[in-house]
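The values are calculated or read from the model by the stated rules, or taken from the named source; none is laboratory data. Worth saying up front: this structure is predicted, and the values here are computed from it rather than measured. Cβ sites come from the backbone with ideal geometry, for glycine too, and all protein chains shown count toward neighbours.
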Amino acid sequence: MSTNLTTKTVQGVGWTGASQAMRLTLQLGIIAVIARFLTPEDFGLVAMVAVFTSFILIFRDFGLSAALIQRKELHEEHLSSSFWINVMAGFLLSLAMAALAPAIALFYNEGRLVLITIFLGSTFFISSFSIVQSALFVKEMKFKSLAIVEITALFISGIVAIVLAVAGFGVWSLVWQQITMNFIMTVLIWILSRWRPRFFFRWNRVQEFLGFGLNLTGFNFVNYFNRHLDNLLIGKFLGSIPLGFYNLAYRILLFPIVNISWVIGRVMFPGLSAIQADKNRVKDVYIKATRYIALISFPLMIGVLIVAPEFVRVVFGPQWERSIFLIQILALVGFIQSVGTSVGWIYMSQGRTNILFKWGIITLFVYTTSFILGLKWNVEGVAVAYAIASLLLAYPNFAIPFRLINLRVGYFIQQFKSIALAAICMGGIVLPLRYILKNIFELKNLFTLLLSFAVGTASYMVFLYLFERDVYRETLLLLKRIKPASSDAAYQGSSD
């Protein structure tokens with residue numbers, strides 16, 4: 001990888017890492033405040049609609065934005081044609097959600113979902129105006145701009161949600177949070193981007209992207225069911241209250257961890273695409289990136305598994321105690337998926353979304369079977385079934401894409417032994433400490449949580465230094481290269 005590309009990649013990871021840390025902190029704070037004023041049913045109602053909005057989202061741009069990032073040479077006709085397709089698709093998808101609203105309400109036998117669905121569906125049209133500009137930011141690794149946009153939008157929409165929740169708007173505080181966030185992001189992206197669409201459309205330019213994009217859309221189609229079928233089945237057969245507990249556990253734990261991998265993937269996808277022909281470089285960069293994910297996710301998952309009772313009682317209150325077991329089970333899923341979701345970088349950067357699509361069909365069958373079987377034991381059974389299915393799929397999930405870059409699964413696992421061992425040893429310290437603080441000294445939940453976190457963090461750093469000293473040197477080298485980047489240069493699309 002060239003020095004310039006390496007610097008951009010490292011700075012991109014720095015910006016996305018800092019951005020993600022702030023976003024997760026904000027998100028946790030916002031949800032913690034809102035949860036005090038809302039009920040599990042309010043969260044469950046939005047989760048019911050989210051099952052369908054996430055499905056419609058699959059078809060938002062038919063993979064065109066990813067194709068724009070993966071393609072080495074772009075012209076103005078590619079960009080403007082993609083822009084107008086996105087706007088039209090966004091408009092049609094918002095109309096589709098409005099048309100489906102009565103059917104969705106009937107499916108759940110919940111009349112309140114009609115208006116909620118219509119309003120949440122409007123976000124497709126709002127966000128369609130910024131898809132191409134966002135893709136250009138990613139392609140050119142302008143992650144500083146994206147960080148500013150995302151954090152600002154989350155902060156403003158969070159304030160709106162909190163004000164509405166305190167004022168007694170209930171579930172509508174969550175609805176307007178989503179609408180506000182999409183609107184603010186679109187406005188800010190237009191302000192920061194100098195590229196503007198031109199009033200012409202070339203279908204032949206769009207066709208150049210369809211092979212890549214449609215296979216990616218196909219994978220997203222089946223992956224949607226992998227990600228949301230549990231919510232769909234819980235909402236349909238168990239009701240909004242169990243779904244509210246499950247959805248909170250997912251949002252607090254699994255979604256942030258998977259999202260860390262996804263955000264770093266925004267940096268790695270364009271970076272790996274730029275060196276896609278050099279398999280050895282791709283392999284080395286991929287291993288390093290996933291190791292940095294594990295440095296955060298492994299101890300975090302083990303820590304949450306241990307202190308989940310205190311965490312839920314302190315942050316969300318006693319009315320959410322049923323989520324404790326769900327969070328602990330999803331911590332096991334997060335341990336696997338925090339690294340496992342990164343394989344998409346390989347498929348996409350190598351242009352092999354066709355294999356990704358086929359693998360998605362297999363995982364859909366496995367997850368569907370597990371969720372249906374888990375329903376017999378209520379929402380807790382679904383969570384356990386999810387964890388078992390994730391464990392069964394772990395090996396082939398890595399082995400199949402690794403063939404594209406000549407990487408052996410055994411060698412890959414060896415790169416994580418020291419990190420995993422440090423995290424496990426940390427857990428061995430925190431587990432008895434929590435018991436002592438809680439049962440012998442009888443400390444309150446807040447003090448038990450804070451002391452467990454402090455001791456866990458310190459012990460993890462010590463164990464990591466003992467088992468993997470090289471990671472310290474690598475981290476220091478990276479930190480030296482992460483410095484404020486020069487102002488993002490404007491993208492100038494070249495026309496034929």
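Return the residues of segment 36-62 that are surrounded by fewer than 21 Cβ atoms within 10 Å (Cβ to Cβ) and of a type in the set (D, E, K, R); say none if nothing qualifies.
Arg36, Glu41, Arg60
Kindly indicate the residue of segment 78-105 that is surrounded by 19 or more Cβ atoms within 10 Å (Cβ to Cβ) and not hydrophobic (A, V, I, L, M, F, W, C) and also nearest to Gly121 (Cα to Cα) among those meeting that condition.
Top of the filtered list is Ser94.
Restricting attention to segment 171-193, report how many residues are among the hydrophobic types (A, V, I, L, M, F, W, C), farther than 23 Å from Ala35 by Cα and in contact (Cβ under 8 Å) with a residue 12 or more places away in the chain. Talk me through it step by step, then tell me what you get.
Residues of segment 171-193 that are among the hydrophobic types (A, V, I, L, M, F, W, C), as a first pass: 171-172, 174-176, 179, 181, 183-185, 187-192.
Retained after the next criterion (residues that are farther than 23 Å from Ala35 by Cα): 183-185, 187-192.
With the extra rule that they be in contact (Cβ under 8 Å) with a residue 12 or more places away in the chain, the set shrinks to 183-185, 188-190, 192.
Total satisfying the criteria: 7.
Given (1) aliphatic (A, V, I, L, M); (2) at pLDDT 80 or above; (3) under 27 Å from Glu310 (Cβ atoms), identify the lone condition not met by Ile400.
That leaves (3) as the condition not met.
Quick one: which helices (runs of 4 or more DSSP H) sit completely within segment 327-422 and have at least 3 residues that are in contact (Cβ under 8 Å) with a residue 40 or more places away in the chain and among the small types (Gly, Ala, Ser)?
Values: elements: 343-349, 353-374, 378-402, 409-414.
Because the criterion is at least 3 residues that are in contact (Cβ under 8 Å) with a residue 40 or more places away in the chain and among the small types (Gly, Ala, Ser), the helices (runs of 4 or more DSSP H) in segment 327-422 that meet it are 378-402.
Condition first: modelled with pLDDT of 75 or more and surrounded by 12 or more Cβ atoms within 10 Å (Cβ to Cβ). Can you find one or more residues in segment 476-491 that meet it? Show your work before the answer.
Step one: list which residues in segment 476-491 are modelled with pLDDT of 75 or more, which gives none.
Checked segment 476-491: no residue is modelled with pLDDT of 75 or more and surrounded by 12 or more Cβ atoms within 10 Å (Cβ to Cβ).
Filter segment 147-162 for residues that are out of contact with any Ser or Thr (no Cβ under 7 Å at 6 or more places or on another chain) and hydrophobic (A, V, I, L, M, F, W, C); which is surrounded by the most Cβ atoms within 10 Å (Cβ to Cβ)?
Val149
Mind listing just one residue for me: the one in segment 1-59 that is outside any helix (DSSP H, G or I), modelled with pLDDT under 85 and aliphatic (A, V, I, L, M) and, of those, farthest from Ala274 (Cα to Cα)?
Among residues in segment 1-59 that are outside any helix (DSSP H, G or I), modelled with pLDDT under 85 and aliphatic (A, V, I, L, M), the one farthest from Ala274 (Cα to Cα) is Ile58.
Exactly one of (1) surrounded by fewer than 20 Cβ atoms within 10 Å (Cβ to Cβ); (2) not in a loop (DSSP other than H, G, I, E, B) is unmet by Phe200. Its number?
(2)
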